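We did not get these values from a lab; they are worked out from the coordinates using the rules stated. Model, not experiment: these values are computed from the prediction. So basically every Cβ, Gly included, is an ideal-geometry build from the backbone, and we count neighbours across all protein chains shown.
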Protein chains: 2
Amino acid sequence: MPSVTVENYLKHLLLLAEETAGLVPMGALSTALAVVPGTVTTMVKSLAAAGLVVHRPRQGVKLTAAGRRLALGVLRKHRLVETFLVQVLKMHWSAVNAEAEQLEHAISDTVLDRLDALLGHPATDPHGDPIPSRHGKLRSQVYATLATCPLARPVRLVRITEQSAEFLQFAEQHGLLPGASVRVTDRNLAAGLVTVQRPRGQPVALSLAAAGRILIEPAR
Amino acid sequence: MPSVTVENYLKHLLLLAEETAGLVPMGALSTALAVVPGTVTTMVKSLAAAGLVVHRPRQGVKLTAAGRRLALGVLRKHRLVETFLVQVLKMHWSAVNAEAEQLEHAISDTVLDRLDALLGHPATDPHGDPIPSRHGKLRSQVYATLATCPLARPVRLVRITEQSAEFLQFAEQHGLLPGASVRVTDRNLAAGLVTVQRPRGQPVALSLAAAGRILIEPAR
DNA sequence: CCCACCATTTTGAGTAGTCAAAATAATTTC
DNA sequence: GAAATTATTTTGACTACTCAAAATGGTGGG
């Protein structure tokens, strides 16, 4: 049975692999896990010895098939728990990431399956993040973002890839939830500012970085 | 924040205190936690240093007020989670103890309160064990058991103080659930055997030890 | 009263994970 | 193409558990 620590290393590696081509640099893992780089080196070596990752010294790490399988299991738990907390316990979507961070390591597969059934086998969590299937399939689609989409065209928000409670509260206050329809009215690269207009309401200004964390698809 | 280990030591200490007058012997804790006695000694000394228990060398341990407060919190999580698993996820009562053992250390007070509300603030878990209140009150009543109650009189089962899955499955198969009405028709001390009759059905034979784990109150 | 037996404690050692800080390698800069 | 910067690795040390096995202290029987 993998320890909580191992599960966290694998999960973050999976998450980082989504936004990194090839190997994940040690430094990225180090900041994601909030441990010093030396610790990551030590730990990654032991994960490699266990056959869960491949370590290319001075270059980076990546999951093996076995490591990825485990990581997908943890991610599935995380996202199903988040969905449960929002849909059944009516918690705010900005609070559930922190809770799921703990519960993902304590919940058994049996309980998870019951939860999954209770929720009607959801495909995504409340942030629009895809939930890995029971058999380790992860629907990973490449979406445009509010930082890259064409101007003026109506688009539908599908996913918010930013977990910080502050950002999620801000997003919700301005109606920037998965499913919402908006238009980007202006994008000022010099100022790093994106202006978003939703059907009824004030325009909202976002940093380019923030806009890049909101994934969209063409509406209508 | 107390570690999982500390939470377990405190919880078991609270449980053992219920069935032990005065100090809990180190050996009892050792078997309850499935660690060697030397480990318990070491650990208890550090709990004592943290002000969570009082350690009388060569005699035993007991919780301080602070330790008891923490232990009650853990027990509340355990029993509310069990109730949730049975009532909402429809799991079998024989399976939920093991699950709750893990979840009790991962669930936050916020989530717990939501769960409590969802369940309608239950007073007991599916085994009839009382759930400590949010403010650390534990209804602890002394009941008779099937090993001590008068013969032939109708009695109502209120609580099964035995967590092993095998026993609980056996109990359920013979209708020995909290709320059930039965009569003890025979008690043979020499053979250590108790015979129980429920309204419609075959008589059930129990060991004296098992009967002592089934708490009852006079029916009607 | 002494011995044997029991529970408990001590001692020494191991594992998993972490940090701080020095050493090393790779990359960028000039 | 050497020097400076930055990322990574190494080293040594620490915390929180844990076990095995030896030492110790009470208790109860003869």
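Distance between the 7 Å Cα→Cβ label points at A:Ser108 and A:Thr161: 3.6 nm.
Residue order for A:Asp116, A:Asp186, B:Asp125, fewest other beta carbons within 10 angstrom first, comes to A:Asp186, A:Asp116, B:Asp125. Shape class for the stretch B:4-63, computed from the alpha carbon gyration tensor (a ≥ b ≥ c): rounded, with a/c under 1.5. For B:Leu119, the label point sits 7 Å beyond Cα toward Cβ; its separations from the matching points on the remaining copies run 2.1 nm, from shortest to longest. Listed values for the stretch A:164-169 are Karplus-derived 3J(HN,Hα) couplings in whole Hz (6.51 cos²θ - 1.76 cosθ + 1.60, θ = phi - 60°), namely 5, 4, 4, 5, 5, 5, and x replaces Gly and Pro. What is the list of residues in the stretch A:35-57 whose amide nitrogen lies under 11 Å from a point 7 angstrom out from the Cα of A:Leu23, following Cα to Cβ? Only A:54-57 pass the distance filter. Inter-chain Cβ neighbour count for B:107-120, averaged per residue, equals 3 (cutoff 10 Å, partner chain atoms only). Considering only B:Leu157, B:Leu14, B:Leu118, the mean-square fluctuation computed in a Gaussian network model of chain B, springs between alpha carbons under 10 angstrom, is largest for B:Leu118. Taking the C-alpha atoms only, the angle from helix B:37-49 to the longest principal axis of chain B is near 60 degrees. Between the stretch A:1-37 and the stretch B:1-28, how many Å separate their Cα centres? Distance between centres, Cα-based: 37 Å. Computed 3J(HN,Hα) for the stretch A:82-96, one whole-Hz value per residue from the Karplus formula 6.51 cos²θ - 1.76 cosθ + 1.60 where θ = phi - 60°, is 4, 4, 4, 4, 7, 7, 9, 8, 6, 7, 7, 4, 7, 9, 7, glycine and proline marked x.
The base-10 log of I(q)/I(0) for the protein assembly as shown, evaluated at q = 0.09, 0.11, 0.12 Å⁻¹, reads -0.75, -1.00, -1.11 [Debye formula, identical scatterers on Cα atoms, solvent excluded].
Loop only per DSSP, at most 10 neighbouring Cβ atoms within 10 Å: give me the trypsin sites (Lys or Arg not before Pro) in the stretch B:42-71, ordered by residue number. Hits after loop and neighbour filter: B:Arg58. Taking 16 Å as the straight-line reach from the Cα of B:Lys90, the aspartates and glutamates in range (excluding those fewer than 8 positions away in the same chain) are A:Asp109, A:Asp113, A:Asp116, B:Glu82, B:Glu99, B:Asp125, B:Glu172. Counting only residues at least eight positions apart within a chain, or on another chain, the lysines with an alpha carbon under 27 Å from that of A:Lys62 are A:Lys11, A:Lys45, A:Lys77, A:Lys137.
Considering all C-alpha pairs of the stretch B:1-157, those separated by over 29 Å amount to 24%. Taking the C-alpha atoms only, the angle from helix B:109-118 to the longest principal axis of chain B is near 20 degrees.
Counting only other chain Cβ atoms within 10 Å of each residue's Cβ, the peptide B:90-102 averages 2. With R₀ fixed at 22 Å, the C-beta to C-beta distance from B:Thr39 to A:Ala49 puts the FRET efficiency at about 0.20.
Mean-square fluctuations from a GNM of chain B, with a 10 angstrom spring cutoff on Cα atoms, peak among B:His121, B:His174, B:His135 at B:His135. Along its first, second and third principal axes, ordered by size, the stretch B:97-149 spans 41, 24, 18 Å in Cα coordinates. If you average the C-alpha positions of the stretch A:46-92 and of the stretch A:154-178 separately, how far apart do those two centres end up, in angstrom? For the stretch A:46-92 versus the stretch A:154-178, the Cα centre distance is 23 Å. 3J(HN,Hα) couplings calculated from phi for the stretch A:16-29 with the Karplus curve 6.51 cos²θ - 1.76 cosθ + 1.60 (θ = phi - 60°) are, in sequence order, 5, 5, 4, 10, 10, 7, x, 7, 7, x, 4, x, 5, 4 Hz; Gly and Pro show x.
Comparing A:Val158, A:Val74, A:Val40 in a Gaussian network model of chain A where C-alpha atoms under 10 Å apart are linked, the largest mean-square fluctuation is found at A:Val40. Residues whose amide H falls under 5 Å from that of B:Thr145, counting only those 5 or more places apart or on a different chain, are B:Ile216, with hydrogens built in the peptide plane. In terms of surrounding Cβ atoms within a 10 Å radius of their Cβ, B:Tyr9, B:Tyr143 rank from fewest to most as B:Tyr143, B:Tyr9. Exposure proxy for B:Phe170, A:Phe84: other Cβ atoms within 10 Å of each Cβ, ordered fewest to most, give B:Phe170, A:Phe84.
Over 26 Å, how big is the tail of the calculated P(r) for the stretch B:75-220, in percent of all Cα pairs? Roughly 30 percent, rounded to a whole number.
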